[in-house]
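Below is one structure, written out as C-alpha cells; the observations come after it.
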Amino acid sequence: MTKINLMDYTWPELKEAVKKNPLVILPVAQVEEHGPHLPVGCDTFIGASIAKQVSCELSKTITTLLMPSVWAGYSPKKMMEWGTMRVRTRVFIDYIHDILASLCEMEFKKIVIIDSHGQHRGMLDVAVKEIADEYNVYCALTNPLSLCSEKYAEIRKSKSGGSTHAGEFETSLLIALGHKIDMKKATDIDTLKFKTKYFEADAFGAKKYYISTWGFHDSKEGILGDPCKASGATGKLILEEIVKNYVELCKEYHKIVTF
Ligand SMILES: [Zn+2]
C-alpha cells in the first residue's frame, strides 16, 4: 500500500520520494475555544480530516506526502478564556516559514497549505511570500471555506451571521466527522445580526473591508453564529464538496507549477 504520511517515511525513502515530483500537503489549524458544545480541537480535526481524505485520493495518481497538522497558531486575545493556544504573530510566521524552508531545502517544490483556521491567514501569506523570494518555491495557500461557499449557500439553514465561529458550519462538520456533540449545550444567543452596506458578519458574508468580528461583538459563550441549525446531513454534503474540489485544485496546482 502507498504510504501517505510523511512521518512514516525513513530519510532515504524521502530522498527517493522527492525525485517523483511529489505534492506535500500541510494542514495548519489551531486549538481554541469553540463554545460549550464543540471540542477545542475543532479546527485541527477539520483540517486534518480533509487533508487525509484529499491525500488518499491524490495518492492514486500523484506521489503525495501528508504532513502532521500544525495545531497551535494565532488567535485574538479576546478568545483566551479556556483552551486557546496563542502563538504570537511573528513567532507564528517564523515557525511556518521554517517548516516550509526545511521542505524547500530537501528540494520539495510543490506544497499545499490547508488552513482551517481563519484568524492567522495573513501571517501564512507573509510566510508563503518569504519562501517564494528565498527559495523560488510557490506554495498554494488554501482554505476549506472558499472551496464550498456556493454549496453551503444553497444548503445552510442559518441566516447571515449564523456561521462565523463554532456556528452551523463547524458544528455540522464535526457531527459529520463522527464527533459526539452535545447539542443541548449549543446556543444561538451569539448569532450575529451585524450587516451593513460594506460588511456582513458571517464567515461566508460579503466584506469590502477587513475587521475581526471579535472587535465589535463580545461573545458570551465563545460562539459567533448559530450552531442550533447544524446537522450531520449538512456536514456530510459540505465535506464531500470540499474534498472533491480540493482534489481538483491540488491536481491543477501540481500540473501548472513546473519550475
Ligand atoms: Zn474554528
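Every read-out reported here was derived from the displayed coordinates using simple, explicitly stated rules and does not represent laboratory data. Just so it is clear, the model here is predicted, and its values are computed rather than measured. Note that we place each Cβ from the backbone using ideal geometry, even for glycine, and neighbour counts take in every protein chain shown.
Here are a few things to note about the model shown:
- Rounded tilt (10° steps) of 121-135 against the dominant C-alpha axis of the chain: 10 degrees
- Net charge dipole, region 149-237: roughly 180 debye, given to the nearest 20, about the Cα centre with Cβ charges of +1 for Lys and Arg and -1 for Asp and Glu.
- DSSP bridge analysis restricted to the chain gives an antiparallel fraction near 30%, rounded to the nearest 5.
- Local net charge near Thr213, Cβ-Cβ under 11 Å (Lys/Arg +1, Asp/Glu -1): -2
- Separation of the alpha carbons by more than 31 angstrom is noted, of Lys110/Lys244; Lys197/Lys244; Lys77/Lys110; Lys60/Lys184, for Lys197/Lys244; Lys77/Lys110; Lys60/Lys184.
- With all pairs of different C-alpha atoms in the average, the Kirkwood value for the hydrodynamic radius of region 73-224 is 17.4 Å.
- Taking the charge dipole of region 149-237 about its Cα centre, with +1 at Lys and Arg Cβ atoms and -1 at Asp and Glu Cβ atoms, the residue from Phe204, Ser219, Thr187 reaching farthest to the positive side is Phe204.
- Burial order of peptide ranges 99-111, 124-136 (average beta-carbon count within 10 Å, highest first): 99-111, 124-136
- For Leu65, the amide hydrogen comes within under 5 Å of the amide hydrogens of Leu23, Val24, Ile25, counting only partners 5 or more places away or on other chains and with H modelled in the peptide plane.
- Mean separation of Cα pairs under 8 Å and 6 or more residues apart, divided by the residue count, gives the chain a relative contact order of 22 percent.
- Per-residue [θ]222 nm for the chain (sum of -39500 (n - 2.57) over DSSP H runs n ≥ 4, rounded to 500): -12000 deg cm²/dmol
- Cα centroid of region 100-167 to Cα centroid of region 186-259, whole Å: 13 Å
- Prolate/oblate/rounded call for region 149-237, Cα gyration tensor, a/c under 1.5 rounded: oblate
- q = 0.08, 0.14, 0.15, 0.17 Å⁻¹: log10 I(q)/I(0) that the Debye formula gives for the chain, counting C-alpha atoms only: -0.32, -0.96, -1.09, -1.33
- Among 84-93, 233-242, 5-14, 23-32, sorting by the average number of other beta carbon atoms lying within 10 angstrom of each residue, highest first, gives 23-32, 233-242, 84-93, 5-14.
- Cα centre as origin, Lys/Arg/Asp/Glu Cβ charges: the chain dipole, Debye: 420 debye
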